[in-house]
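Have a look at the structure below, then the notes.
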Amino acid sequence: MERMEIIEKKIDSVEAALYDLKKENSVLREELAAKEKTINSLTEQLNRVDQATRSASVRIIGLPINSNTTQPEVSKLVFNEIVHPVFLAAKASGELPNATFAPHFLINNVFSIPSKKGQACPVILTLSSQFFRSLIFRYKKTALPSTHDSVSNRDRPKYLVFEDLSPPTFSQLPAIAGDERVKSAWTFGGQIRFRLHNSETVHRVKSLAETVDSITKAAGVQSG
């Protein structure tokens, strides 16, 4: 009997210890979930701030710029091939009737990004205002040069001009666009948007954690 009592006490002790461990584990899980939520919230805030700092910037692909191109040459190329033609078109349309085109006035900063050997370097152009940037997107199709693609027998832009995205958003965009259900994906104001093959509805990606699945399910869309 005495031995049984000892065994029962040990069992009770083990059960009490397990209960305490489960309770502690539950508390730790709640704390971890709260910290993860805080980290995600801060990450989203930081990404929005980062994107806001890029609101007057564009990313240009296709200019004949490599690692040996000097900074003055980069600035000259960007002004002559991108900025000047766009603003001449805006002036002709009446949006900039009395504008002048001094590079130092229109351009705040411009720099190239290193790329793989043999490939042209992308360029980040920061303009003096968001208004000037909006003109580039508005007139790029008509003002910038095009080149003929012999394979598709179509004309295509010689230079590609995109929004300058923060690294997290830049990484999220191909993940959204690469989904087989997505017909097209693009950004507007630093926010990813997309359409599905079976719908003309434009879906907006409001956070870095969102996916095509989470967005379409929340909207009650049959995306399969």
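Apart from one condition, His197 fits all of (1) closer than 18 Å to Arg54 by Cα; (2) in contact with a Lys or Arg (Cβ under 8 Å, 6 or more places away or on another chain); (3) not small (Gly, Ala, Ser); the exception is (1). Total residues in the range 159-215 satisfying the condition of being in contact (Cβ under 8 Å) with a residue 40 or more places away in the chain and more than 30 Å from Leu77 (Cβ to Cβ): the figure is 4.
The residue of the range 32-83 that is nearest to Phe111 (Cα to Cα), among those that are touching an Asp or Glu at 6+ places or on another chain (Cβ under 7 Å) and charged (D, E, K, R), is Arg59. Filtered by the rule that a residue be under 15 Å from the mean Cα position of the chain (by Cα) and of a type in the set (A, V, I, L, M, F, W, C), the range 138-192 gives Val161, Phe162, Leu165, Phe170, Leu173, Ala175, Ile176, Ala177, Ala185, Trp186, Phe188, Ile192. The residue that is surrounded by the most Cβ atoms within 10 Å (Cβ to Cβ), among those in the range 156-174 that are of a type in the set (S, T, N, Q) and in a helix (DSSP H, G or I), is Gln172.
Please specify each residue of the range 60-98 satisfying the condition of being hydrophobic (A, V, I, L, M, F, W, C) and either loosely packed, with under 15 Cβ neighbours inside 10 Å or in contact (Cβ under 8 Å) with a residue 60 or more places away in the chain (or both). I'd like the intermediate steps shown before the answer.
If we filter the range 60-98 for residues that are hydrophobic (A, V, I, L, M, F, W, C), which is where we start, we get 60-61, 63, 65, 74, 77-79, 82-83, 86-90, 92, 96.
Correct list: Ile60, Ile61, Leu63, Ile82, Ala92.
For Ser13, indicate whether it is surrounded by 11 or more Cβ atoms within 10 Å (Cβ to Cβ), more than 26 Å from Glu81 (Cα to Cα) and either in contact with a His (Cβ under 8 Å, 6 or more places away or on another chain) or not assigned by TED's automatic domain parsing to the domain that holds Pro114 (or both).
Numbers: surrounded by 11 or more Cβ atoms within 10 Å (Cβ to Cβ): no; more than 26 Å from Glu81 (Cα to Cα): yes; either in contact with a His (Cβ under 8 Å, 6 or more places away or on another chain) or not assigned by TED's automatic domain parsing to the domain that holds Pro114 (or both): yes.
In short, no.
Among the criteria (1) without any contact (Cβ under 8 Å) to a residue 40 or more places away in the chain; (2) in the same structural domain as Lys158 (by TED's automatic domain parsing), the one Ala33 does not fulfil is (2).
Among the residues of the range 175-201 satisfying the criterion of being assigned to a loop (DSSP other than H, G, I, E, B) and of a type in the set (Ser, Thr, Tyr), which is nearest to Gln45 (Cα to Cα)?
The selected residue is Thr201.
Is it fair to say Leu208 is touching a helix residue (DSSP H, G or I) at 6+ places or on another chain (Cβ under 6 Å), surrounded by 14 or more Cβ atoms within 10 Å (Cβ to Cβ) and assigned to a loop (DSSP other than H, G, I, E, B)? Answer is yes for this residue.
The values are calculated or read from the model by the stated rules, or taken from the named source; none is laboratory data. Please read these numbers as outputs of a predicted model, since none were measured by experiment. So basically every Cβ, Gly included, is an ideal-geometry build from the backbone, and we count neighbours across all protein chains shown.
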